[in-house]
Amino acid sequence: MKKILILLSCVLILSCTQEASPTEIINIENGIDKKKKIDFIELAKDISFVPLENFGKQSLIGDIYILKEHGDSYYVCTNSTIISFNKHGKFLRQYGLLGRGPEEYSGYISDFDIKKGNIYIIANRHIYCYDTLNNFIFKDSVNFTQVSVVDDKIVGLVPPSDVICSEDHIIAKVYDDRIKEIDRIAIQESQDSISTDIKSFLAFQPFSNDGYSGLYMKEFLGEIIYNISSGFKIDPRFVLKMGKYQFPIEMYDFDKMDKWNEYYLVNNIFNTDKYLILSLQNGLMGKLQYLIYDKTSKDCFTPTGQSDNKGFYIDGIIFYPLYTCDNRIVGYIKPEDLIDQEITKIKELQIIKNEIKLESNPVLVIISL
């Protein structure tokens, strides 16, 4: 079985093959300090809205944990179940069986993905597979908590604690449809000097497959974002220069928590042709905020609303991005935010506002850039 091995070194970063994507260096420090009032109306070529239909006695009110699309459907994870809607927001069906039976899962869903119409659900260190009609196919124990489909193969992202224990630094394993291991992905871990108790929280941080250009991974306190693209080729894609906001390894000590809010960590990324959008967290427990990196102008800034509040806004309504796909950003707005805001620019949004209630489901937003 072949193994793909990358060493974290400057030589590697500067000596990518001609086939590799060029590595972009992004000045995050300046972006955090630079606020810019902006509405997504100013950036988007087109914006469309999909109100999610209410169904039965259940509701999606609150945050959407994971949102993915496959074919003509959206799949929403509400922590304990997965629900599909068509592209017009009409409820289709629920997936998985919550319970303690042989074909059921218990606890919360840590991740899921769709392959050839089958739903693969990760819960409590097991993977559950159901077909498009929610018929149970199989269950298997796994050592991963996050899953993505890359190159029509299932990639299970190995938890940090397992990465630390592995001499080969395996960060992900590749499986076929029945979760039979067929390949491994490894990156040489570079935090060898960190004590074991702290080290177990580090290793590599996976970002969900963005549906646009493969899977991204970053060392938890590192600055390099790697792209695992078609053929499971690994390339350093972005170098994030955090400057004074870089979380120092020596500060990763629970006795120094009072200083953590001086630094930022990358929580997620959203990649499109023109923009790279980063979700940052202040310290380990602070608020999330976003940065926009314009690949053309090389400008990096923190977007705010008209009231100077950090975040993404559409016609004054706060917007929560979840993933990118085909040069689109897909996310949602909450009914309560829509109802409370005066709509001045988007007629379609005004019509939706007139029809929804506080107990309505979220409204999906698809932004073409």
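Looking at this structure, is Arg100 part of a strand (DSSP E or B) and over 23 Å from Gln146 (Cβ atoms)?
In short, no.
Report, by residue number, each residue of region 79-97 that is part of a loop (DSSP other than H, G, I, E, B) and more than 13 Å from Leu133 (Cα to Cα).
Of everything in region 79-97, those that are part of a loop (DSSP other than H, G, I, E, B) and more than 13 Å from Leu133 (Cα to Cα) turn out to be Asn79, Ser80, Thr81, Lys87, His88, Gly89, Lys90.
Where the second residue is surrounded by 20 or more Cβ atoms within 10 Å (Cβ to Cβ) and assigned to a strand (DSSP E or B) and the first is at positive phi and lies in region 272-295, which pairs have Cβ atoms under 8 Å and are six or more apart or on separate chains?
As it stands, the answer is Gly283/Tyr264; Gly283/Leu265, since those pairs meet every condition given.
If a residue counts only when it is touching a Leu at 6+ places or on another chain (Cβ under 6 Å), which strands (runs of 3 or more DSSP E) contained entirely in region 220-273 have at least 1 such residues?
Output list reads 224-228, 264-271.
State all residues of region 103-130 that are among the charged types (D, E, K, R) and assigned to a strand (DSSP E or B); if no residue qualifies, say none.
Asp111, Asp113, Lys115, listed by residue number.
Do you know which of the residues in region 70-88 that are open to solvent by 10 Å² or more (accessible area, probe 1.4 Å) and β-branched (Val, Ile, Thr) is farthest from the chain's Cα centre (by Cα)?
By that ranking, first place goes to Thr81.
For region 101-128, what are the residues that are crowded, with 19+ Cβ neighbours inside 10 Å and either over 20 Å from Leu67 (Cβ atoms) or of a type outside the set (Ser, Thr, Tyr) (or both)?
Ile109, Asp111, Phe112, Asp113, Ile114, Ile119, Ile121, Ile122, Ala123, Ile127
Can you name every residue in region 239-258 that is over 19 Å from Phe301 (Cα atoms), surrounded by 13 or more Cβ atoms within 10 Å (Cβ to Cβ) and of a type outside the set (A, V, I, L, M)?
Hits for region 239-258 are Phe247, Tyr252, Asp253.
Within region 135-151, take every residue that is within 14 Å of Phe112 (Cα to Cα) and in a loop (DSSP other than H, G, I, E, B) and give me the one that is farthest from the chain's Cα centre (by Cα).
Val142
Which ones in region 23-69 are open to solvent by 80 Å² or more (accessible area, probe 1.4 Å) and in a helix (DSSP H, G or I)?
Selection gives Asn30, Asp33, Glu42.
Count, please, the residues in region 297-351 that happen to be assigned to a loop (DSSP other than H, G, I, E, B), of a type outside the set (D, E, K, R) and either exposed (fewer than 14 other Cβ atoms within 10 Å of the Cβ) or under 20 Å from the mean Cα position of the chain (by Cα) (or both).
Residues that pass the stated criteria total 7.
Which residues, taken from region 259-273, are open to solvent by 50 Å² or more (accessible area, probe 1.4 Å) and over 18 Å from the mean Cα position of the chain (by Cα)?
Lys259, Asn261, Glu262, listed by residue number.
May I ask you to list the residues in region 274-296 that are open to solvent by 10 Å² or more (accessible area, probe 1.4 Å), more than 15 Å from Lys34 (Cα to Cα) and either assigned to a strand (DSSP E or B) or basic (Lys, Arg) (or both)?
Within region 274-296, Lys274, Tyr275, Gln281, Asn282, Lys287, Leu288, Lys295 meet the criteria.
The values are calculated or read from the model by the stated rules, or taken from the named source; none is laboratory data. Computed from a predicted structure; not experimentally measured. Glycine also receives a Cβ, built like all others from the backbone with ideal geometry; neighbour counts cover every protein chain displayed. Calculation scope for accessible area: heavy atoms of the full protein, side chains included, ligands and nucleic acids excluded. Shrake-Rupley method; radii C 1.70, N 1.55, O 1.52, S 1.80 Å.
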